[in-house]
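What follows is a short report on a single structure.
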Amino acid sequence: MKKALFITTVTRMDENFVCVSGLDENGKFVKPEISYPSERPGIKKEFLFSPSGEELIRPMTIVEFEFIRAIPKRLYHSEDWLINGDCRPQVISVPTPSGCANILDGCMDKNLNSALAQKSRSLVTISPPFMPKVEVKIDTGNRLECRLVMKDSEDNWINSLESKFGHPRVTDAYWLALCKHLYKKGQPVIEEHLRNLFKGKKIYMIIGITREWYGKFWRQVSGVLTVPYWLGEKTFADFNYDFTDNV
């Protein structure tokens with residue numbers, strides 16, 4: 001069964017895997033994943049590209065996949081679908097900025113805690129009422145980390161857990177690619193450069209729930225989206241990104 005998704009996130013994960021999500025024709029989130037022999041399920045980063053290196057799966061585009069069946073999980077992760085990894089994704093269209101805004105506005109929630117209260121979904125779209133503050137640091141393992149300080153539309157702070165536990169990490173692969181690119185270039189004030197990308201744009205954040213880790217389900221910023229899109233026409237190749245946080 002072929003099905004098209006409006007891509008909202010390409011999230012960096014470990015072991016050269018990514019997590020892709022998108023909105024279907026009914027405005028519902030879907031997370032495609034591939035079953036790999038002798039490896040964990042997911043999507044390897046190579047699936048994002050054509051044999052010639054063209055990026056086939058990128059945010060704010062409509063992409064078609066070959067779906068097999070729904071594989072929802074018990075808590076939060078109801079959006080998972082198994083897809084045919086032998087069938088390459090196909091770009092169907094690139095919506096206009098106003099078209100992107102209409103799609104994202106149609107799935108937006110004002111209150112993150114209320115949206116997640118039933119533990120029946122792992123992805124929520126919010127629109128911060130003010131420009132988020134950007135925090136970038138290098139941890140003790142010499143890995144780059146970016147967090148965003150922001151609220152939902154009902155003036156609630158977005159934290160890593162429902163109770164206050166720090167600000168959520170960004171796992172959007174494109175955002176991290178730019179962070180790493182700026183750091184390696186020696187950009188003096190990375191946070192200011194990144195925050196400027198929000199100016200004059202409508203901001204949307206896709207908040208994702210992780211798989212259970214240390215007995216908890218953590219919140220992260222799976223997608224950083226703006227209209228017009230902050231990334232423009234740039235690609236992973238522009239940032240020479242290796243899909244790791246190591247710097």
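We did not get these values from a lab; they are worked out from the coordinates using the rules stated. Everything quoted here is computed from the prediction, not taken from an experiment. For neighbour counting, all protein chains shown are included, and Cβ atoms are generated from backbone atoms with ideal geometry for every residue, glycine included.
For the reader, a short list of remarks on this structure follows.
- Remark: the stretch 2-239 projects, on average over all directions, an area of 13.3 nm² (convex hull of Cα atoms).
- Look at the dipole of the chain built from charges on Cβ: of S38, T226, I92, the Cα furthest out on the positive end belongs to T226.
- Sites listed here are trypsin sites (Lys or Arg not before Pro) in the stretch 1-87 whose DSSP assignment is loop and whose Cβ has at most 14 other Cβ atoms within 10 Å: K28, K73, R74.
- The listed peptides 203-210, 191-198, ordered by packing as a protection proxy, come out as 203-210, 191-198 (highest mean of other Cβ atoms within 10 Å first).
- Loop sites in the stretch 97-175: chymotrypsin sites (Phe, Trp or Tyr not before Pro), DSSP, at most 15 other Cβ within 10 Å: F130, F165
- In terms of surrounding Cβ atoms within a 10 Å radius of their Cβ, I71, I83, I158 rank from fewest to most as I71, I158, I83.
- Computed over the stretch 1-75: relative contact order in percent, which uses C-alpha pairs under 8 Å that are six or more apart: 37 percent
- Per-residue [θ]222 nm for the chain (sum of -39500 (n - 2.57) over DSSP H runs n ≥ 4, rounded to 500): -4000 deg cm²/dmol
- The stretch 102-247 pair-distance distribution - Cα-Cα, 5 Å bins, rounded %: 2, 9, 18, 23, 20, 15, 9, 3, 0
- Quotient of the Cα radius of gyration of the stretch 56-95 and 2.2 N^0.38 Å, N being its number of residues: 1.36.
- Listed by Cβ neighbour count within 10 Å, with the fewest neighbours leading, V20, V63 appear as V63, V20.
- Straight-distance candidates among the lysines for linking to K185, with alpha-carbon spacing under 27 Å and chain neighbours fewer than 8 residues away dropped: K45, K133, K137, K199, K201, K234.
- R0 of 25 Å, Cβ-Cβ distance Q187-D242: FRET efficiency to nearest 0.05: 0.85
- Residues D172, D238, D80 arranged by fewest to most Cβ contacts within 10 Å: D238, D80, D172
- Value of relative contact order over the chain, rounded to a whole percent, pairs C-alpha under 8 Å and six or more apart: 18 percent
- About its Cα centre, the chain has a charge dipole of approximately 440 debye under the convention of +1 per Lys or Arg Cβ and -1 per Asp or Glu Cβ, with nothing else charged.
- Most fluctuating residue given options G215, G223, G22, as computed from a GNM of the chain linking Cα atoms under 10 Å: G215
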